[in-house]
Amino acid sequence: MLEPENLGEAFQSKTSYRRNAIPERDLDWRTRPAQYKFYPHASVVTLPNPHNGAADCAEPELWACVAKRRSVRSYSSMPMTLAQLSSLLWASAGTTSSYITPQGQDFYRAAPSAGALYPIETYLVVNQVDDLEPGLYHYRPTGMDVLERPIVEGSHSLEKLAVGDLRADIKQAAFDQPMCAKAGVVFIWTAVFPRSVWKYRDRAYRYVYLDAGHIAAHLSLAAVSLGLASCQIAAFYDEEANALLEIDGVHESVLYMSAVGNSARPFGGAGRVDLRHTGRPKE
């Protein structure tokens with residue numbers, strides 16, 4: 001990895017996980033900070049049941065997806081379909097409409113981005129998808145000409161970077177988590193830092209993580225709507241993940257991942273949720 005040249009790069013380097021270099025420690029549950037914050041002397045306004053408002057919503061299925069979303073780590077051997085993958089890519093990082101700027105045509109994207117700079121790139125390790133070879137792919141949300149002007153041709157497509165069984169590779173890079181070898185697809189999101197640093201300097205390193213979070217949230221709800229399961233992953237060996245994509249870890253680096261596939265068992269709750277939680281809530 002290159003030596004960091006600024007505060008943002010130093011943050012990325014200092015917080016990276018490296019195999020056999022993570023200090024072990026035991027959690028002292030007695031010192032865990034309180035999970036909820038209350039103002040004991042404040043008056044309380046009781047809100048209506050949220051499902052009452054959802055019942056009148058123009059898109060009621062959204063509320064059912066929110067209620068059913070869970071982090072699922074056990075996947076079946078049933079492959080995903082290419083149509084499902086296409087929908088997930090569009091809903092998380094795709095283009096939804098276009099608009100005219102002084103520089104020409106540009107696009108609105110499914111998830112928000114600080115300054116509309118869109119530093120997040122989507123890569124896929126495909127394990128089991130019908131009509132798609134296993135391997136490594138890069139998502140192209142829009143086509144571009146030689147002057148980097150958006151064009152329609154080539155939009156919403158996959159660029160094939162490598163073909164082959166990468167289940168062992170992605171499992172190892174993702175903290176040796178078995179679910180990454182069993183999921184239909186592992187989404188890998190990177191940040192191309194210069195896109196945001198150009199405008200926001202060191203503050204950009206905060207924004208890129210927010211951008212990745214927006215995309216992952218969209219993906220998790222889209223997966224539920226398609227009957228799929230997902231699990232968002234922030235634990236991975238940075239250098240190994242970057243090496244899998246052949247990126248330098250400084251100008252572009254892996255930030256986040258999501259495993260997606262058909263669940264090995266039923267997941268999620270009913271569309272209506274009992275707000276009277278008992279016991280420890282599920283993630």
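The values are calculated or read from the model by the stated rules, or taken from the named source; none is laboratory data. Owing to the predicted nature of the structure, the values given are computational and were not obtained by experimental measurement. Every residue, glycine as well, gets a Cβ built from its backbone with ideal geometry; the counts of neighbours run over all protein chains shown.
Scanning the stretch 66-95 for residues that are out of contact with any Cys (no Cβ under 8 Å at 6 or more places or on another chain) and among the basic types (K, R) gives K68, R69, R70.
Answer with yes or no whether A168 is crowded, with 23+ Cβ neighbours inside 10 Å and under 19 Å from M257 (Cα atoms). No; evaluated as a whole, the condition is false for this residue.
For the stretch 11-39, how many residues meet the condition of being β-branched (V, I, T) and either closer than 29 Å to R203 by Cα or surrounded by 10 or more Cβ atoms within 10 Å (Cβ to Cβ) (or both)?
From the stretch 11-39, those β-branched (V, I, T) are 15, 22, 31; that's our starting set.
Of the ones still in play, those that are also either closer than 29 Å to R203 by Cα or surrounded by 10 or more Cβ atoms within 10 Å (Cβ to Cβ) (or both) are 15, 22.
Total meeting the criteria: 2.
So is I215 under 18 Å from S86 (Cβ atoms) and outside any helix (DSSP H, G or I) or not? Criteria not met by I215. Can you name the residue in the stretch 172-189 that is crowded, with 24+ Cβ neighbours inside 10 Å and among the aliphatic types (A, V, I, L, M) and is also farthest from S230 (Cα to Cα) among such residues? Within the stretch 172-189, the match that is farthest from S230 (Cα to Cα) is A173. Whether any residue in the stretch 188-208 is under 23 Å from P134 (Cα atoms), at pLDDT 95 or above and among the hydroxyl-bearing types (S, T, Y) is what I want to check. Yes: the stretch 188-208 contains one or more residues that are under 23 Å from P134 (Cα atoms), at pLDDT 95 or above and among the hydroxyl-bearing types (S, T, Y). Kindly evaluate A229 against the criterion of being surrounded by fewer than 18 Cβ atoms within 10 Å (Cβ to Cβ) and modelled with pLDDT of 95 or more. When the stated conditions are applied, A229 does not pass them.
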